[in-house]
1. Those residues that are in contact with an Asp or Glu (Cβ under 7 Å, 6 or more places away or on another chain) and among the basic types (Lys, Arg), I need them from segment 239-259; list them, please.
2. Going by what's in this entry, would Ile362 be described as of a type in the set (Val, Ile, Thr), free of Cβ contacts under 8 Å to residues at least 60 places away in the same chain and part of a helix (DSSP H, G or I)?
3. Considering only residues that are in contact (Cβ under 8 Å) with a residue 60 or more places away in the chain and outside any helix (DSSP H, G or I), look in segment 365-398 and name the one that is farthest from Asp31 (Cα to Cα).
4. For segment 238-350, give me every one of the helices (runs of 4 or more DSSP H) that falls completely inside it and has 3 or more residues that are farther than 25 Å from Ser129 by Cβ.
5. Thr188 - would you say it is surrounded by 18 or more Cβ atoms within 10 Å (Cβ to Cβ), polar (S, T, N, Q) and in a helix (DSSP H, G or I)?
6. Any idea which of Ala323, Ala327, Ala358 is under 21 Å from the mean Cα position of the chain (by Cα), under 22 Å from Asp260 (Cβ atoms), crowded, with 19+ Cβ neighbours inside 10 Å and at pLDDT 95 or above?
7. Take the conditions among the aromatic types (Phe, Trp, Tyr), crowded, with 21+ Cβ neighbours inside 10 Å and more than 30 Å from Thr141 (Cα to Cα) and apply them to Phe222. Does it pass?
8. Would you mind finding the one in Tyr289, Tyr311, Tyr235 that is over 19 Å from Val17 (Cβ atoms) and not hydrophobic (A, V, I, L, M, F, W, C)?
Amino acid sequence: MKIAMLAPEFLPVWGGVGTYVVELVRNFPKDVEVHVITPFRKRIGNRVVSSGDYDFEEMFGNNVHIHFLSTASDTFIYNAKFQIALFQALNKIINREDIDIVHSNAGHMPDLFIKPTKLGVPVVTTIHSTLTGQLGAIKQTGSKFFQLEFSEQMTLLLSPFLMWSENIYYTNNRYYITVSKWSKRRVTNEKRLEPHTVKVIYNGVDPVKFNPRRKKEAKEHFSELTDIGAPKVLYLSRLVEKKGVNILLRVIPKILKKLDAHFVFAGPGKDSYFKKYEIPEKHYTFLGYVDHELTPFLYALADIFVLPSFYENFPISILEAMASETAVVSTNVGGIPEMIASGYNGILIPPKDVDSLANALIQLIENDHLRKKIERNARKTILRKFTWRRTAKLTVEYYEEILSEVKK
């Protein structure tokens, strides 16, 4: 079987879609030939990496082939460039490589300008998010336009065109994967998709790569964190309003009035947030962008992982924290309640609730017994339900099901 994987995000990983593509491809059986079609991302972050810094054959094996079509150096405009380049090149790649099935990823909609019926092979699209959900989350933040990150600003400015484009995209003849039951319910109603064309396959995590034993190796990569004695709370995501970073920053002073803690922020974004909320420098570390291959050490070093988002589907970062036996505090939005039973393997709070977030973090910092119980249960949940090997196996089975249906 030969797959064309359309990857608006790949390496270096800077978001959930990139993680999804990298780990899915890495865990496909070796008899599946994969052609990853992606932009070449220029250097990103203060731990500087680019798409040219990876040995792809070493990472994936000789069954995976990379096709760079355009370049990327921002968080929004690059996707339009990739859509145009893909429109020009995809048919040629399908014919030259004798592709059996195309796998796309939305909300980026890389194949927006391509009619699936013109490709001669079936198209399956994984729905990671929808524009309706993203816009709702941005508006929920209550932030002013100039406070938003560039991609959020552009999403708001171009929302009429983007909504029109998305509605057209979902009228095309294709198959779908959603990464949560919540997402399937929402997208079938919102986009009026036939439920039988939508398959739920959960995201996963590599429990060998992400495990608590990585703490011993962490000093080599994050020496500045290993000697901090206070409990460490990790936020590992883009510093954007819809991820609730502004809510977390409002919470920090409340927590520091009651106990000692150190907050670690890792992800693309500006450090001006911290000055605005007057967070004392000794109580936080801002790492900026961290390469995904180094994130297991961050999770292993942290006592608590926090993601106070306004909108999520089935965030991989939470699965990675759970696999690392790092207690999770997040919001009860999207598909998160499908992975976390609050009080058992994590704690869930309402979005935008400053007091609930503060209380949950204080509770886990103060109560070692509860935190350790949650950590153990979290890893058990991962091993039982959410591994990339399982996700890849179910995805290949869905490909086979689609190809069998097409041949009839």
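1. Lys242, the sole residue that qualifies.
2. no
3. So the residue we want is Phe386.
4. 245-256, 272-276, 295-301
5. No.
6. Result: Ala327 is the single residue among Ala323, Ala327, Ala358 that is under 21 Å from the mean Cα position of the chain (by Cα), under 22 Å from Asp260 (Cβ atoms), crowded, with 19+ Cβ neighbours inside 10 Å and at pLDDT 95 or above.
7. Values: among the aromatic types (Phe, Trp, Tyr): yes; crowded, with 21+ Cβ neighbours inside 10 Å: no; more than 30 Å from Thr141 (Cα to Cα): yes.
For Phe222, the condition - among the aromatic types (Phe, Trp, Tyr), crowded, with 21+ Cβ neighbours inside 10 Å and more than 30 Å from Thr141 (Cα to Cα) - is not met.
8. Numbers: Tyr289 fails: over 19 Å from Val17 (Cβ atoms); Tyr311 fails: over 19 Å from Val17 (Cβ atoms).
Result of the check over Tyr289, Tyr311, Tyr235: Tyr235.
The values are calculated or read from the model by the stated rules, or taken from the named source; none is laboratory data. Since this is a predicted model, take the numbers as computed values, not measurements. Glycine gets a Cβ as well: all are built from the backbone with ideal geometry, and neighbour counts include every protein chain shown.
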